[in-house]
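Below is one structure, written out as structure tokens; comments come after it.
The values are calculated or read from the model by the stated rules, or taken from the named source; none is laboratory data. Worth saying up front: this structure is predicted, and the values here are computed from it rather than measured. Ideal geometry is used to build each Cβ from the backbone, glycine not excepted, and the neighbour counts take in all protein chains shown. Protein only, heavy atoms only, side chains kept; ligands, DNA and RNA dropped before computing areas. Shrake-Rupley method; radii C 1.70, N 1.55, O 1.52, S 1.80 Å.
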Amino acid sequence: MERQNNTFTSRKIPWSSKIILLIAGIIFIASTLRSPLTSVGPIIAPIRDGLGMSNVLAGFLTTIPLLAFALISPFAPKLSKRFGMELTLFLSLCVLTVGIIVRSIGSLPFMLIGTFMIGIAIAFGNVLLPGLLKLNFPLHIGLMTGIYSISMNISATIASGISVPIVEKTSFGWQGALGIWAILSLIAILFWLPQLKRNTSQKQLDVQRKEEKEVSLWRSPLAWAVTFFMGLQSLLFYTTSAWLPEVMGGAGMDAQKAGLMISLLQLSQLPMTFIIPIISSKLKDQRVIVIGTTLLYFIGYIGVMFSNAALFPVWMIAIGIAGGSSFGLAMMFFTLRTNTHIEAAELSGMAQSIGYLLAAIGPVLFGLLHDVTSNWTSSMIIFIIASLFIFVSGMKAGADRKVVN
């Protein structure tokens, strides 16, 4: 085994207690990056009624974290440079835990403040984990990205599934359904504590600073391609989750079946978030994955637009596979298109800053088009246009190049 400053460069992962703790810490951090968010949507009605919010403000709750992502993401790499990735991630977990608790207190100001704190904390995890994987597992990026991605998405699916039962079948109410996720973030803190003893990313950074070229990713066409790919797949995910049940309802499907269709879509995503990073890490050029992903998006969304409800399960599976593939590929682009963990964090910060702004626009624009035209077909065109631009940006991002040569 060859080891340099906590970076493991053996072809086989050396399964020591330190490595197991590191991987467990990564899994638990990943599991906190979506569950505090996906737990909100299914119980938005009791939250709205309990706090006396308007529908507009209730809808804004799901937008606050996306705006926090956009605002904070560019600064996460800068703070990690100063304090080290391990310490920065630890502090973000602490902010996340406090934010979850504050959000569940049960008053409107605390709800808004806690939600924004959660968005800030998650932004750090979103941005820094790809760089951390590149730093610690340079020869196992595909496998580790797959583990990180599927951990995040499994916890997100569980959170969206158990929120309603907690509200309806226990005495904890919506506050308990939101606050329970502080337990998960506390567990993540405990598993991450050992990494603070060897905040080695900062040591390695001191060496790399002398060798790195000072190049702005914001002037790199490849970095912008990765950014748009990231943003467009996020736009499709959040807009689909928010509005597709309504579209299916307009096609004559009852609310319960529409919910099952979204669950089918989410379950179809899960295996791809693990498989695609592994496959893409073995390919120098990922454009073939981009082509397959785009075709599935087109098949799924066009199917929803023009077929009857009986075929909706087929279209949900197609969209789910495409969504899981595009997400896994977006996460891999941060490491595949960069040379160092610092570049990976900076590209991740840029892509997620712009990307979540795009994601925040999608649901609003979708609803606006429906209000203007009074039909879902015009809104569904957003999915087709976004899929087309995913293809264009993905074909550039998927080529075997680096953002800094």
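Observations on the model:
- Within segment 78-98, one or more residues are open to solvent by less than 10 Å² (accessible area, probe 1.4 Å) and farther than 15 Å from Ile122 by Cα.
- Restricting segment 41-72 to residues that are among the β-branched types (Val, Ile, Thr), within 16 Å of the chain's Cα centre (by Cα) and within 14 Å of Met111 (Cβ to Cβ), the residue that is most open to solvent (accessible area, probe 1.4 Å): Thr62
- Segment 123-138 residues that are crowded, with 24+ Cβ neighbours inside 10 Å, paired with ones that are among the acidic types (Asp, Glu) and assigned to a helix (DSSP H, G or I) (beta carbon under 9 Å, 6 or more apart): Val127/Glu346; Gly131/Glu343; Gly131/Glu346; Leu132/Glu86; Lys134/Glu343
- Condition met for Asn405 (modelled with pLDDT under 90, over 27 Å from Ile302 (Cα atoms) and loosely packed, with under 15 Cβ neighbours inside 10 Å): yes
- Summed over segment 82-98, the residues that are of a type in the set (Gly, Ala, Ser) and over 17 Å from Gly114 (Cβ atoms) give a count of 1.
- Which listed residue, of Ser149, Ser163, Ser185, is in contact (Cβ under 8 Å) with a residue 12 or more places away in the chain, buried (at least 22 other Cβ atoms within 10 Å of the Cβ) and within 17 Å of Leu270 (Cβ to Cβ): Ser149
- Unique match (being part of a loop (DSSP other than H, G, I, E, B), modelled with pLDDT of 90 or more and more than 15 Å from the chain's Cα centre (by Cα)) among Leu283, Leu222: Leu283
- For segment 388-402, filtering for residues that are open to solvent by less than 50 Å² (accessible area, probe 1.4 Å) and either out of contact with any helix residue (DSSP H, G or I) (no Cβ under 6 Å at 6 or more places or on another chain) or among the aromatic types (Phe, Trp, Tyr) (or both) leaves 1.
- Filter result for Ala24 (open to solvent by 10 Å² or more (accessible area, probe 1.4 Å), farther than 30 Å from His140 by Cα, in a helix (DSSP H, G or I) and at pLDDT 80 or above): no
- Within segment 240-274, the set of residues being within 17 Å of Leu369 (Cα to Cα) and either open to solvent by less than 30 Å² (accessible area, probe 1.4 Å) or not in a helix (DSSP H, G or I) (or both) comprises Thr240, Leu244, Val247, Met248.
- Selection status of Ile166, at pLDDT below 95, of a type in the set (Val, Ile, Thr) and closer than 30 Å to Ser374 by Cβ: no
- Restricting attention to segment 353-387 and to residues that are under 21 Å from the mean Cα position of the chain (by Cα) and modelled with pLDDT of 90 or more, the residue that is most open to solvent (accessible area, probe 1.4 Å) turns out to be Ile354.
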